[in-house]
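Notes for the one structure printed next.
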Amino acid sequence: MATDPAARGLTDDAAVWRDLVLTHDMIVEGVHYLPDDRPQDVAWKLLAVNLSDLAAKGAKPEGVLMGYSMTGDAAWDAAFAEGLQEALSAFNVALLGGDTVRMPMGAPRTLGLTAIGTAPSGGAPERATMQVGDILWVSGMIGDAGLGLALRLGELQLDEALDVHAAYALPVPRLALGQALAGRVTAMMDISDGLLLDAWRMAEASGCGLTLALDNVPLSPTYIRARGDDVAGRLAAATAGDDYELLFSAAESAAPEIFALAAECGVPVARIGRADEGPGMRLFYKNKIVDAPEVLGFLHQ
């Protein structure tokens, strides 16, 4: 068990040590990405999901360390390296080193990356400090990545699916928005396992209850055409995962500044709920109570 205060009890998106924010995520073939996903896309996603953890702490990325498993497929390795270089350039992040290991032929690739960032001057936001009365916010659109995965699996067809495919394969961490919001929020984390599950985690860690309005969860026009705008469609979006958007809380009085900062960063934000006396999470759709689904999101079990 990591007992150092920097670990934040292993309940946060990253460790905060002195003025550094450190995070490490792994992705496994067949679990976090499909075996026939493009190697370049796998490299992008590996970097992006780690940078998303830095974004949730308002951190400025400084560099990464890579752990890479080689399975004897030289062409795949070369394409991955090409994609990683493209992603590093896109986010202006340096590869500082790491390690490679040889895996048995046919073994699922297991890839790890450690991202290192500089904490904001006022300190990195936590996920466990939401306060009763705070407004809960989310950035971007929810559910598009899950829709993109469904397309990749052949579960549905869409005439115009480029945006949702990119949401699944090439997520963009909200680094600028996270840095802008760091000093204005009471709590912040990124959404990786599903909006409902991660919102519940934030409320649980903060000792709050939560009321969430499903009809305020932002959905893209593409998602609505594919899944609909009813309770079932919105619950599917809110439990799908892989969104890598920011989920944050702030006092009601901060709303004008939050909208202004988000506009400056070019990222839409939406008010989706309120922290209240706990425990538990209550869901509403058009002011009517909705039963929470049995599974709130993706569980790492």
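Where both bridge residues fall in the chain, DSSP classifies roughly 75% of the beta bridges as antiparallel.
Rounded to the nearest 10 degrees, what's the angle between the helix 195-206 long axis and the longest principal axis of the chain, both from Cα atoms, 0 to 90? It is inclined by approximately 70 degrees. Cα extents for the chain along the principal axes, largest to smallest and rounded to whole angstrom: 56, 49, 38. Taking 0.36 nm per residue of sequence separation and removing the Cα-Cα distance, the A90/A176 pair yields an extension gain of 29.6 nm.
At an R0 of 51 angstrom, the distance between the Cβ atoms of K288 and E155 translates into a FRET efficiency of 0.95.
Mind checking the stretch 154-206 for GluC sites (Glu not before Pro) that DSSP puts in a loop (not H, G, I, E or B) and that have at most 12 other Cβ atoms within 10 Å? Numbers along the way, then the final one.
Values: sites: E155, E160, E204; in loops: E155, E160.
Qualifying residues, ordered by number: E155, E160.
Size descriptors for the stretch 36-76 (Cα atoms only): Rg and Dmax, in that order, 12.9, 39 Å. Put simply, the amide H of D25, placed in the peptide plane, has neighbours under 5 Å in L113, A115, leaving out anything fewer than 5 places away on its chain. Calculated over the stretch 37-135, the projected area of the Cα convex hull averaged across directions stands at 8.3 nm².
Helix 231-240 and the long axis of the chain differ in direction by around 40°, with both axes built from C-alpha atoms.
Computed from Cα positions, the angle between helix 39-56 and the longest principal axis of the chain comes to roughly 40 degrees.
Show log10 I(q)/I(0) for the stretch 198-241 at q = 0.19, 0.27, 0.30, 0.33 Å⁻¹, two decimals, from a solvent-free Debye sum over equal Cα scatterers. Values, matching the q order: -0.63, -0.95, -1.06, -1.18. Counted residue by residue at 0.36 nm each, then reduced by the alpha carbon distance between them, the extension gain from D163 to A78 reaches 28.0 nm. Dividing the summed -39500 (n - 2.57) terms of all DSSP H runs of n ≥ 4 by the residue count of the chain sets its mean residue ellipticity at 222 nm at -10000 deg cm²/dmol.
Give the peptides 18-24, 241-247, 210-216, 291-297 in descending order of average Cβ contacts within 10 Å, highest first.
Values: 18-24: 17.6, 241-247: 26.1, 210-216: 20.1, 291-297: 14.1.
In descending order of packing, they fall as 241-247, 210-216, 18-24, 291-297.
Every Cα-Cα pair of the stretch 169-223 was included, and the share exceeding 15 Å stands at 64 percent.
Values quoted throughout were computed directly from the atomic coordinates according to the rules given, and no laboratory measurement underlies them. These numbers were taken from a predicted model, which means no experiment stands behind them. Virtual Cβ from ideal backbone geometry, glycine too; neighbours counted across all protein chains shown.
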